[in-house]
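Since every read-out is calculated from the coordinates, none of them should be taken as a lab result. These numbers come from a predicted model, not from an experiment. Cβ atoms come from the backbone with ideal geometry, glycine included; neighbour counts cover every protein chain shown.
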Amino acid sequence: MKKYSRRTRKCIGNAVLFLSVACALAGCGRKNETALQEETEDNAEPVQTTGIAGESGADGQIDFAALQEENPEIFAWIYIPETEIDCPVLQSMQGDDFYENHDAYGQEDDNGAAYIELANQASMCDFNTVIHGKTGKEGNGSFAELYRFADPDYFDRHESLYLYLDGNVLTYEIFAAYERENTSLLRSYDFTYIEGCEQFLNDLYSVRDMTMNLREGWEGVTPYHFLITLTIQKEDGSDRQFVVLAILTQDAAGTIDRIVAE
């Protein structure tokens, strides 16, 4: 796997040359330091912020050409307002768990990166796209703040999630957050068939857990909807995972579609 280095970013400011000339006839005076600083700031070129280090879903300006120069396996960008979940999403051609211990540049990193498995389509047209992340050893992993959705008040106040694709923006509403057994959703359910989708929904709505957060109004989810599941393994030593489910509510480019097998 080729490792990708960070793009070099330079900010070149115009140098200010100050000459202190005692010239009584010309009436020249010394510029004060404040004026000099303002002139320097006004003349400085703006700092470039393209690429992984400078991108943010907050302003909606995701430069996929720049990102894919860094790593062509970046296919999306996930952003949850008022959280630090604002990062690229990848799909490895080497193995499903490659980004479990590599960062978005392809460098080894125990914090990992946000990624999907090969069983999901990068087009986001599956019934349920599972996006994996980690909390990280020091709470600086890609999904470190996902646990905040376990708090009912926080869950109630934060509904929206955005996924940027090259040429499209998908808006989702977060409608469930809960713990489940730490097993693979993509291996437990066959989301390519109606039966597998229905089984997942039946199991979801049959959960009897007082810690589960479920938003009202989404009891009618069907296999014809489009979901994403954000998942992290709990760090308390238990064999559990925490998941946050969201449902597609807006497809800006109108490209999300699929045929559901009976």
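Within the stretch 160-197, how many residues are of a type in the set (Val, Ile, Thr), closer than 24 Å to Arg148 by Cβ and surrounded by fewer than 19 Cβ atoms within 10 Å (Cβ to Cβ)?
Number of matching residues: 3.
Only one of these conditions is not met by Thr222: (1) assigned to a loop (DSSP other than H, G, I, E, B); (2) in contact (Cβ under 8 Å) with a residue 60 or more places away in the chain; (3) not aliphatic (A, V, I, L, M). Which number is it?
The number of the failed condition is (2).
Based on this model, can you work out whether Phe200 counts as surrounded by 16 or more Cβ atoms within 10 Å (Cβ to Cβ) and under 21 Å from Glu117 (Cα atoms)?
Values: surrounded by 16 or more Cβ atoms within 10 Å (Cβ to Cβ): yes; under 21 Å from Glu117 (Cα atoms): yes.
Here the answer is yes, as Phe200 does meet what is asked.
Please verify whether the stretch 163-175 includes one or more residues that are assigned to a loop (DSSP other than H, G, I, E, B) and in contact with an Asp or Glu (Cβ under 6 Å, 6 or more places away or on another chain).
no
Which condition from (1) without any contact (Cβ under 8 Å) to a residue 24 or more places away in the chain; (2) assigned to a strand (DSSP E or B); (3) aliphatic (A, V, I, L, M) is the one that Met210 breaks?
Evaluating Met210 over (1) without any contact (Cβ under 8 Å) to a residue 24 or more places away in the chain; (2) assigned to a strand (DSSP E or B); (3) aliphatic (A, V, I, L, M) leaves (2) as the failure.
Among the residues of the stretch 104-119, are any more than 22 Å from Asp59 (Cα to Cα) and free of Cβ contacts under 8 Å to residues at least 12 places away in the same chain?
Looking through the stretch 104-119, at least one residue is more than 22 Å from Asp59 (Cα to Cα) and free of Cβ contacts under 8 Å to residues at least 12 places away in the same chain.
Identify, by number, the condition in (1) within 17 Å of the chain's Cα centre (by Cα); (2) in contact (Cβ under 8 Å) with a residue 40 or more places away in the chain that Tyr99 doesn't meet.
Result: Tyr99 fails condition (2) only.
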